[in-house]
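First comes the structure, then the notes that go with it.
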Ligand SMILES: Nc1nc2c(ncn2[C@@H]2O[C@H](COP(=O)(O)OP(=O)(O)OP(=O)(O)O)[C@@H](O)[C@H]2O)c(=O)[nH]1
Ligand SMILES: [Mg+2]
């Protein structure tokens, strides 16, 4: 058991070192990384679709990288904004790690990029433990998920630097108790900002972009009291966490026509990014 825990700690420690180097490197080239975490289907891509379009309208050079176990659906949606988009397929891994992100950004991210939005794999457990070298960590929760989620997933919500509530257009229909949700967030992460959004109605559109730009301009992001010491406490099997699915590469359609496709894709955590 001790060896398992040691291995887990070693994996996380290595990730921390890589994340630190990535953060420094990104800052040096003037790029701010924003890491978006949530349960599957909370509305990460829907929110990003609006924010990327807005960034383009405002002339802010942004890019987006989206990670999934399978499909290029999210990249296809995000690429409609016209900004550079890359799909990463994680070969069954339930989260991104700093070295994966670094490799996928290298040689792909345009030099002028001011903000790069990283949509993590939909999961509130594994991604919470992995620092990606981001300057801003955003955790999303939709109104349908229940007000107790900050308490059930204290690492994810406790390490958030911004919390985004999504799908407020259906809040009444599902009886979302906003004060209770806010109180639970405050309990695990005192002082963190909670923003209400509806991608469908455009509520809160631009807040994510504004907060990201503020950080890019040097404004300090919220510092969670939990800090980093709780990272990695959710896994007890010590393995680099997979979701139990297929350990080898997922076949996916590589025959996308570069002339028509406005995004790039990479399969597997160790695959070299293709330009
Ligand atoms: N009513 C409503 N539905 C929304 C909103 N935003 C997203 N949805 C719906 O929620 C579902 C999931 O949205 P996505 O944007 O794909 O969620 P996601 O977090 O990117 O999902 P994964 O990448 O699979 O984890 C879709 O059916 C969306 O149409 C919203 O503001 N209001
Ligand atoms: Mg998505």
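The values are calculated or read from the model by the stated rules, or taken from the named source; none is laboratory data. The structure presented is a predicted model; accordingly, all values stated were derived computationally and were not measured. Please note: Cβ atoms are built from the backbone with ideal geometry, for glycine as well, and neighbour counts cover all protein chains shown.
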Here is a check on your reading of the model: is residue 137 part of a strand (DSSP E or B) and either within 16 Å of ligand 1 (Cβ to nearest atom) or within 20 Å of the chain's Cα centre (by Cα) (or both)? yes
Could you give me the residue pairs with C-beta distances under 6 Å whose first residue belongs to region 30-52 and is under 16 Å from residue 161 (Cβ atoms), whose second residue is away from ligand 1 (no atom under 13 Å from the Cβ) and assigned to a strand (DSSP E or B) wherever it lies, and which are 6+ apart or on separate chains? 32/115; 33/116; 34/136; 35/137
Tell me, please, whether a residue that is under 25 Å from residue 154 (Cα atoms) and near ligand 2 (Cβ under 10 Å from one of its atoms) can be found in region 86-103. no
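Listed here are the residues, each with its yes/no results for (1) surrounded by fewer than 22 Cβ atoms within 10 Å (Cβ to Cβ); (2) over 17 Å from the mean Cα position of the chain (by Cα).
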| site | (1), (2) |
| --- | --- |
| 6 | yes, yes |
| 13 | yes, yes |
| 19 | no, no |
| 59 | yes, yes |
| 83 | no, yes |
| 101 | no, no |
Give the residues of region 140-181 that are surrounded by fewer than 16 Cβ atoms within 10 Å (Cβ to Cβ) and either outside any loop (DSSP other than H, G, I, E, B) or in contact with a strand residue (DSSP E or B) (Cβ under 7 Å, 6 or more places away or on another chain) (or both), sorted by residue number. 151, 152, 169, 170, 172, 173, 174, 178, 179, 180
With respect to residue 30, is the statement that it is crowded, with 18+ Cβ neighbours inside 10 Å and under 22 Å from residue 221 (Cβ atoms) true? no
Can you run down the residue pairs with Cβ atoms below 6 Å, 6 or more apart or on separate chains, where the first is in region 199-221 and within 14 Å of residue 168 (Cβ to Cβ) and within 16 Å of ligand 2 (Cβ to nearest atom) and the partner is assigned to a loop (DSSP other than H, G, I, E, B) and modelled with pLDDT of 95 or more? 199/43
